[in-house]
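Just so you know, all these numbers are worked out from the coordinates, no wet-lab data involved. Here the structure is a predicted model, which is why all the values come from computation and not from measurement. Using ideal geometry, Cβ is built from the backbone for each residue, glycine included, and neighbour counts are taken over all protein chains shown.
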Amino acid sequence: MSSKRGFYTRTALAAATTLLLIPGLALAQAPSAKTSSAPSTTSAKQDRWLHVRVISSDAKGETVRVNVPLELAEKVLPAINHDRLHGGKVKIDCAHVNDVDLRAMVEAIRTAKDGEYVTVQSNENDIRVAKQDNHLIVHVLDKGKSKKSQVEIKVPMKVVDALFSAGKDELDLVAALHALSAAGDTELVSVKGDDNTVRVWLDSKNVTD
Amino acid sequence: MMLLAKAALGFTGTLALAGAYTFHEGVIRVDVDEYRAGGTHVHMWMPAAAVPLAMHLVPQEHLREAAEHSREALPIAHAIVKELKKYPDVELVEVVDGQQHIQIGTRHGKLQIDVEAPDQNVHLLLPLSTLEDVTRQLEANAPGV
């Protein structure tokens, strides 16, 4: 009987000790602030990610990498009510910028066939605006300054349509992001200058390459 | 002896349950090291569950004042945190500038901010659920709610 009581006592003490150690063990397994676990390259549910990368070519070699899930941007934008941005829409003073009716121009480009619409060649700039495979393409080569820079913008027409789908004098950023999420992997903006290289692109990976 | 064992079992059982509750939301870590004469060195480690509890103890007028000051930012912060919970392990921002290195991302459901520079190191680890609780409580205390 006494040996049985001793067994029960030891079991109870062992159980008590184990219970006491559980939180400690759980904490020991918790990741530290400097955990090195790398994020997975592809998100599980094929989220769409907007990536921005800026690489400076100066001596310090500054690099900026930003990865934003499009869904997050879509949900957060309507929460921002500041200055001209309200409810995911940004107010523009008027759709006539430098006497150009943007909305009418977009409508004209949307309904037109593929082709090159604007070509400007000067000593300072080469500008080209075209529509190709349902994408609006803008190419600017700045050659006026001592340092040259080249800008390439390629936006799906559906995104442009969505952007101008809001009321007059408004750009619907949320609608544009939503349209962008349906687009395939694509490079949206590329800026190559003597000082910096900027790249904005869209894919399903949650890390930059 | 039997009574002692029972008491020990009861005490440690209670302690374990209290520990499990206290740490169920994880741990907040703050590490700040300034590498200069008289520089600050802060190494804080506290259960995240303590923050919403502590907020209940803050006088209502102070909470209302804080909510008033951050009125514009609160809905944005709440929306960001709520959405970030869907992305528990991602790298959002990385800036490398010479010897400076800044990283912002999420790790295991926590917001992680790391700043490494020659003169200072800052590491923050904040559970997203705690941030959501805090923003929700502040929003609830905002004037006009």
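Only Cα sites of region A:120-209 enter the Debye sum here, all with the same form factor; the resulting log10 I(q)/I(0) across q = 0.10, 0.15, 0.20 1/Å is -0.33, -0.70, -1.02, listed in q order.
The distance from the alpha carbon centre of region A:167-196 to that of region B:67-145 is 25 Å, rounded to a whole number. The chymotrypsin sites (Phe, Trp or Tyr not before Pro) of region B:1-91 that DSSP puts in a loop, and whose beta carbon has at most 11 other beta carbons within 10 Å, are B:Y35. Each Lys and Arg contributes +1 and each Asp and Glu -1, all at the Cβ; summed about the Cα centre of region A:49-203, the dipole is approximately 160 debye. Which whole-number percent of Cα pairs in region B:1-75 have a distance greater than 20 Å? The calculated P(r) of region B:1-75 puts 63 percent of pairs beyond 20 Å.
As an exercise, use a Förster radius of 45 Å and the Cβ-Cβ distance of A:A104 and B:E34 to find the FRET efficiency, rounded to the nearest 0.05. The calculated FRET efficiency here is 0.20. Stokes-Einstein diffusion for region B:1-40 at 20 °C, viscosity 1.002 mPa s, with a Kirkwood radius from C-alpha pairs, works out to 157 µm²/s. Here the spin labels are modelled as points 7 Å beyond Cα on the Cα-Cβ line, and at A:V118 and A:D195 they lie 2.4 nm apart. Can you check what the Kirkwood hydrodynamic radius comes to for region A:62-135, Cα pairs only, in Å to one decimal? Computed over region A:62-135, the radius equals 16.1 Å. With the convex hull drawn around the C-alpha atoms of region B:49-145, the volume per residue stands at 120 Å³.
Once you divide the Cα radius of gyration of region A:49-203 by 2.2 N^0.38 Å, the number left is 1.13. Sites counted here are trypsin sites (Lys or Arg not before Pro) in a DSSP loop (not H, G, I, E or B) having no more than 16 other Cβ atoms within 10 Å; the longest part of chain B that contains none of them is B:87-145.
Take each peptide in A:179-189, A:67-77, count the other Cβ atoms within 10 Å of every residue, and average; sorted highest first, the result is A:67-77, A:179-189.
On the beta carbon distance between A:S204 and B:M46, with R0 = 41 Å, the FRET formula returns roughly 0.65.
Calculated FRET efficiency, B:L17 to B:E68, Cβ-Cβ distance, R0 = 41 Å: about 0.60 to the nearest 0.05.
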